[in-house]
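Structure record follows, encoded as structure tokens.
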Amino acid sequence: MITDEEFEEIVVKNEKLIYYHIRSLHIVDYSGEFFAVGLEALWQACLTYKPELGKFSSYISWKIRNRLIDQIRKSAKTKDVESAFIREHIHLKLYQIENSIHDDYFWEQVRLELTENQWKWVYYYIIHDLSVEQIAKLEGVTRDAVKNWGRRARDKLSSIPALHDIVSL
């Protein structure tokens, strides 16, 4: 078992190695999370090192680098899960709002006049007051595509006299 004082000496000697691997893997570590992972890997290397495995310096370098790579993968997976949750949450929130529209007949008549993408623009932009950028992100298209939907929807709706007030947005 290694003592705290011995480990502190090892940390002082190998701190630059942790920073080297962080830089070599192009990690931006503002919070120090990856440095902490590197320290933990160094601790584990000290506990599990066996001389027959090779030089101690090579072993700790290998342990630190692989632990940092594992942390990168873990962080990427967490981001993917979080963004999927946020996308799903936005969709659920919008569907809940849709149920509170009071004039269903009116909006159904508007929908009949439009293509599916034009309706998406009306639904998100006019009814739910989302920005063009938010709609593009939600639908997985470019901002220009959403602007085009809006332009064509306005043109189509402006030809209907009863809807002229809405289209003048």
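A few remarks follow.
- Unique match (being surrounded by fewer than 13 Cβ atoms within 10 Å (Cβ to Cβ), modelled with pLDDT under 90 and among the hydroxyl-bearing types (Ser, Thr, Tyr)) among 57, 75, 100, 24: 100
Matching residues to (1) at positive phi; (2) small (Gly, Ala, Ser); (3) without any contact (Cβ under 8 Å) to a residue 12 or more places away in the chain:
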{"residue": "9", "(1), (2), (3)": "no, no, yes"}
{"residue": "14", "(1), (2), (3)": "no, no, no"}
{"residue": "20", "(1), (2), (3)": "no, no, yes"}
{"residue": "28", "(1), (2), (3)": "no, no, yes"}
{"residue": "35", "(1), (2), (3)": "no, no, no"}
{"residue": "42", "(1), (2), (3)": "no, no, no"}
{"residue": "51", "(1), (2), (3)": "no, no, yes"}
{"residue": "56", "(1), (2), (3)": "no, no, yes"}
{"residue": "61", "(1), (2), (3)": "no, yes, no"}
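- Test result for residue 81, assigned to a helix (DSSP H, G or I), farther than 30 Å from residue 138 by Cβ and either without any contact (Cβ under 8 Å) to a residue 40 or more places away in the chain or among the acidic types (Asp, Glu) (or both): no
Conditions (1) in the same structural domain as residue 24 (by TED's automatic domain parsing); (2) at pLDDT 80 or above; (3) assigned to a helix (DSSP H, G or I), marked per residue:
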{"position": "91", "(1), (2), (3)": "no, no, yes"}
{"position": "109", "(1), (2), (3)": "no, yes, yes"}
{"position": "120", "(1), (2), (3)": "no, yes, yes"}
{"position": "129", "(1), (2), (3)": "no, yes, no"}
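The values are calculated or read from the model by the stated rules, or taken from the named source; none is laboratory data. Small disclaimer: the values here were computed from a predicted structure and weren't measured. Don't worry about glycine lacking a Cβ; one is built from the backbone with ideal geometry, like all the others, and counts go over all protein chains shown.
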